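In what follows, a structure is listed as structure tokens, so that the remarks can point back to it.
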Amino acid sequence: MKLYVLDNGTEILDKSYLVAGANSATTDCKNPDILWQEIPIHTFLIDHPHGYILFDTACDPDFRKNWPAFIEKQSPYMVSEEQLLLNRLEQLHIRPEEIRTVVMSHLHVDHAGNLSAFSNAQIYVNDEEFTTTLRQYALRQDMDVHVPSDVEHFLAAGLHFRPVLKEEAFLEIAPGVRILNLGPGHSFGMLALEVRLPNSGNFLLAADAIYLRENIEPSISPPGILYDSAGYRKTVRFLTGYAREHNCRILFGHDMEQFDTLTKSTEGYYD
Ligand SMILES: [Zn+2]
């Protein structure tokens, strides 16, 4: 089994979205400068004897045309041709039709962009995330960072969704690969993925359940983008406890400092 880290570009945004109250005003500094922070957009590919497993699907390559205008202003996306997810897979000689399983951490715009390409895969998504996103879409409600075009594309593609229900806390989807159903927190419903590798050790892909190391160390500092703050804290405690107990290295959702230290798919893999 091999775990590849796919670099799919970067976004830049106000740091207070990542850590609420970052650089807050004080009487000493009444008008602090806004801190802009660059964050990685990444996905993971597992080359498993039972078939390819993809964790998250990055951003829509036609984002300039399809995204609501506020996203480009709030968190502009920068990506080169070689960083696009389908090109990253092609560099590994993998066609999207060959992906057998997709696990979606959640359906936000920077995670669900290419989902419609994986028409042969079984797609695991938290049930609440799936139903609430579809409900908002059908009722034409404000969807914020779940974008209507992503939903349109995946509905049109006739994908094979497998909602992960509330009572399914853990799902071993292949030997050494386990979904952790985190419930609500960062979004309506989050999934994480544990990957146990014989040589490189155990990884816990936390995605946006923990954006940055700074969100958990030295204590819990929640992000500014949050659906359920109590759920978020519960999730963080669960993930950090799980990682300790199962000897896992947590891979954060958007931590540039950590991302810089990882072996990317163009350089090698974890096994
Ligand atoms: Zn994200």
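A few comments on the model shown:
- Modelled FRET efficiency - R0 41 Å, residue 23 with residue 95, Cβ distances, 0.05 increments: 0.35
- Residues whose amide H comes within less than 5 Å of that of residue 60, counting only those at least five positions distant or on another chain, are 113 (H built at 1.01 Å from N in the peptide plane).
- Evaluated with a Cβ-only charge set (Lys, Arg +1; Asp, Glu -1), the range 107-171 carries a dipole of roughly 200 debye about its Cα centre, given to the nearest 20.
- Residues 67, 36 ordered from highest to lowest accessible area at a 1.4 Å probe: 36, 67.
- The phi torsions of the range 84-101, fed into the Karplus equation with coefficients 6.51, -1.76 and 1.60 and a -60° offset, translate into couplings of 4, 3, 5, 6, 4, 5, 4, 4, 9, 6, 10, 8, x, 5, 7, 6, 8, 9 Hz, rounded to whole numbers, with Gly and Pro shown as x.
- Computed from the C-alpha gyration tensor, the three semi-axes of the ellipsoid equivalent to the range 47-108 are 26, 14, 8 Å, from longest to shortest.
- Over the range 26-70, the alpha carbon radius of gyration divided by the compact-protein estimate 2.2 N^0.38 Å works out to 2.06.
- Mean Cβ count within 10 Å, highest first, over the residues of peptides 84-97, 172-185: 172-185, 84-97
- Only the Cβ atoms of Lys and Arg (+1) and of Asp and Glu (-1) were treated as charged; on that basis the dipole of the range 148-271 about its Cα centre amounts to roughly 360 debye.
- 3J(HN,Hα) couplings calculated from phi for the range 236-253 with the Karplus curve 6.51 cos²θ - 1.76 cosθ + 1.60 (θ = phi - 60°) are, in sequence order, 4, 4, 4, 5, 5, x, 4, 4, 5, 5, 9, 6, 9, 8, 7, 9, 7, x Hz; Gly and Pro show x.
- Approximate shape of the range 47-168 as ellipsoid semi-axes (Cα gyration tensor, √5λ), whole Å, largest first: 23, 20, 11
- For the range 31-79 and the range 192-271, distance of Cα centres in Å: 17
- Scanning residues 5 or more positions from residue 197 or on other chains, those with amide H under 5 Å from its amide H are 202, 203, with H placed 1.01 Å from N in the peptide plane.
- Over all distinct Cα-Cα pairs of the range 1-116, the Kirkwood formula returns a hydrodynamic radius of 15.8 Å.
- Whole-angstrom Cα spans of the range 132-235 along principal axes, big to small: 45, 34, 24
- Residues in the range 182-225 reached by a label modelled at residue 257 [backbone nitrogen below 20 Å; 7 Å Cα→Cβ]: 204-225
- For the pair residue 82 and residue 2, a Förster radius of 25 Å applied to the C-beta separation gives a FRET efficiency near 0.80, rounded to the nearest 0.05.
- The range 30-141, relative contact order in percent, only Cα pairs under 8 angstrom and at least six apart counted: 28
- Averaging 1/r over each pair of different alpha-carbon atoms in the chain and inverting the result gives 18.8 Å, the Kirkwood hydrodynamic radius.
- For the chain, relative contact order (Cα pairs under 8 Å, six or more residues apart, normalised by length) works out to 21 percent.
- Under 16 Å from a label point set 7 Å out along the Cα-to-Cβ vector of residue 156, the amide N atoms of the range 114-133 belong to 114-119.
- For the chain, calculated [θ]222 nm from helices alone, where every DSSP H run of n ≥ 4 adds -39500 (n - 2.57): -6500 deg cm²/dmol
- These residues, 133, 26, 263, 10, go from largest to smallest accessible area, 1.4 Å probe, as 26, 263, 10, 133.
The values are calculated or read from the model by the stated rules, or taken from the named source; none is laboratory data. Here the structure is a predicted model, which means the values were calculated and not measured. In this analysis, Cβ positions are derived from the backbone assuming ideal geometry, glycine residues included, and neighbour counts consider all displayed protein chains. These accessible areas exclude ligands, DNA and RNA; they are computed on the full protein's heavy atoms, side chains included. Shrake-Rupley method; radii C 1.70, N 1.55, O 1.52, S 1.80 Å.
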